[in-house]
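Accompanying notes for the structure given below.
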Amino acid sequence: MTTSWTKKPNKLKARLPRGFVDRSADDIRATDDMISKIQAVYEQYGFDPVETPAFEYTDCLGKFLPDTDRPNAGVFSVQDEDEQWMSLRYDLTAPLARHVSENINGIQLPYRTYRAGWVFRNEKPGPGRFRQFMQFDADTVGAPGVQADAEMCMMMADTMEALGIPRGQYVIRVNNRKVLDGVLESIGLGGEENDGRRLTVLRAIDKLDKFGIDGVRLLLGEGRKDESGDFTKGAALEASAIDTIADFVSGTGSLENDGVTELNTMAAMFNACGYADDRIKIDPSVVRGLEYYTGPVYEAELLFDVTNEKGEVVQFGSVGGGGRYDGLVKRFIGRDVPATGFSIGVSRLMTALKNLGKLGTSEVVAPVLMTVMDGDVDALGQYQKMVQELRGAGIRAEMYQGNWKKFGNQLKYADRRNCPVAIIQGSDEREAGDLQVKDLIEGKRLSEEITDNITWRESRPAQITIKEADLVETVRGILDGQADDRRRQNEG
């Protein structure tokens, strides 16, 4: 006896890669709205857009150099057919440095530019940590004076307010890498041999907002144990060195060097332009880009409270930052090309605006639906012609493209799409040059109030008969009325 059977083919499993997300229409529109507001500020300051590709040769990205058989420390990489390694960009600054260096003879310096784009990190994903996210950068290349840095800070303050973040709920904090280096040299931590200890000290300073000055003192000394019992080893500094750093980050220490002079110049510019401490603040505790920046550093911090994933009430914190990076272009052309720039984390800023109720929800009304009652060529042409008339008048509209023979499915589709208006024309209406226009929003409201089917049929709520020539005017009137209702509800 033989048994025959057919093995079912393996179905491909649909699965989203770890650390990546799909974006909805609402997310995309909110992002576009936010970016347009940021872009308007940057354009007002005289910056122009530029775009670089998502891939760069790996050695151009700086610290991610091919080491053994493939580069994979933090970047996603592929090998081209000429055996050169290419990587998805890790940020937007290194590609800009490459672009400027490659086109240095044709670019007008100072070069003032902005760009928004996706960046990629080959890192372990976690809560709020993604492998692909968007940044929005602005940079000035070829401007050596700290007035360029001061302008960046003022532009960031203006950007926060353009996004609806009120004064007092954000601050642009400013420091200078030369000041930090001067303090570390004063306690004997200068030179390459102390790179590791300097990094530990700077990381401790960066925890001031989180742990307070006492927590920073512990991290500068033997170390700190958190509430869970986990121990973080400290920098093991002597008591006098800890006192020096603690005085400095608390604002009571004194130091004279180029960094302090630059900060004083920037502060004078802020004062002259009316940017007081409630908008831009000199803050000795700001630590950014430990291996990256060469002068002023700054970050945009949001000051309102949120509840984190552990249920703790904390300040929202940083949504972007930047500083002066005079050495990045020099790697390519061998001579100094000063540069300063600022990067906004778009996704994080969107989360902040959502918390504040300021997320741009530019109203996008679902399309008016032209239903299909007859499927012959003449009828379909007539339906599509009316849809084109609505579109030509600036009204979103579509003709039903599913199985037109099941009319109930068309109304279900309209309901799920939240279509504001449905247009109905059968053969009798077409012969008479008439249309049935149904206000679906008003109809939905009335259906919740009328429970008797006879009353429903007799009242024919929110549905009217019009002439074809009155289509655009009638639909626009219904849409305007719905918009007025939404405004009244929002104001109420």
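The values are calculated or read from the model by the stated rules, or taken from the named source; none is laboratory data. Because the structure is a prediction, the values reported are computed rather than measured. Positions of Cβ are backbone-derived with ideal geometry, glycine not excepted, and every protein chain shown enters the neighbour counts. Note: accessible area is taken over every heavy atom of the protein model, side chains too, but ligands, DNA and RNA are not part of it. Shrake-Rupley method; radii C 1.70, N 1.55, O 1.52, S 1.80 Å.
Structure summary
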read-out	value
Long-range HN-HN contacts of residue 235 with modeled amide H, under 5 Å	220, 221
Nearest 10 degrees, 0 to 90: helix 195-205 Cα axis against the chain principal axis	60
Per residue value of the accessible surface for the chain (all protein chains in place, 1.4 Å probe), Å²	55
J(HN,Hα) series, the stretch 428-439, from Karplus relation 6.51 cos²θ - 1.76 cosθ + 1.60, nearest Hz, glycine and proline x	5, 5, 5, 4, 8, x, 10, 9, 9, 10, 10, 7
Two-decimal Rg/Rh across the stretch 197-274, once Rg and the Kirkwood Rh are taken from alpha-carbon atoms	1.10
Principal axis dimensions, largest first and in whole angstrom, of the stretch 62-180 by Cα	51, 44, 30
Cα-Cα over 31 Å, subset of 405/467; 210/354; 11/124; 233/358; 124/354; 354/406	233/358; 354/406
Alpha-carbon Rg with Dmax, taken over the stretch 227-336, Å	17.9, 51
Electrostatic dipole magnitude of the chain [Cβ: Lys, Arg +1; Asp, Glu -1; Cα centre; debye, to 20]	1500
Environment charge at residue 41 (Cβ cut-off 10 Å; Lys +1, Arg +1, Asp -1, Glu -1)	-2
Stokes-Einstein translational diffusion, the stretch 314-365 - Kirkwood Rh over all Cα pairs, 1.567 mPa s, 4 °C, in µm²/s	93
Helix-derived mean residue ellipticity, 222 nm - over the chain, DSSP H n ≥ 4, -39500 (n - 2.57), to 500	-12000 deg cm²/dmol
Environment charge at residue 257 (Cβ cut-off 12 Å; Lys +1, Arg +1, Asp -1, Glu -1)	-3
Between 0 and 90°, nearest 10: helix 258-272 axis offset from the chain longest Cα axis	40
Long-range HN-HN contacts of residue 74 with modeled amide H, under 5 Å	122
Förster radius 56 Å - calculated FRET efficiency between residue 276 and residue 472 (Cβ-Cβ, nearest 0.05)	0.60
Helix 147-162 axis, angle to the chain major axis (alpha carbon atoms, nearest 10°)	30
Volume per residue of the C-alpha convex hull in the chain, rounded to whole Å³	314
Principal axis dimensions, the stretch 157-307 - Cα atoms, whole angstrom, descending	44, 40, 27
Per-residue HN-Hα couplings for the stretch 373-390 [Karplus 6.51, -1.76, 1.60; θ = phi - 60°; Hz; x = Gly/Pro]	9, 10, x, 6, 4, 4, 5, 4, x, 5, 4, 5, 4, 5, 4, 5, 4, 5
Phi to ³J(HN,Hα) by Karplus 6.51 cos²θ - 1.76 cosθ + 1.60 over the stretch 407-412, Hz, x for Gly, Pro	5, x, 5, 5, 6, 5
Rounded percent of accessible protein surface that carbon and sulfur make up, the chain, 1.4 Å probe	48
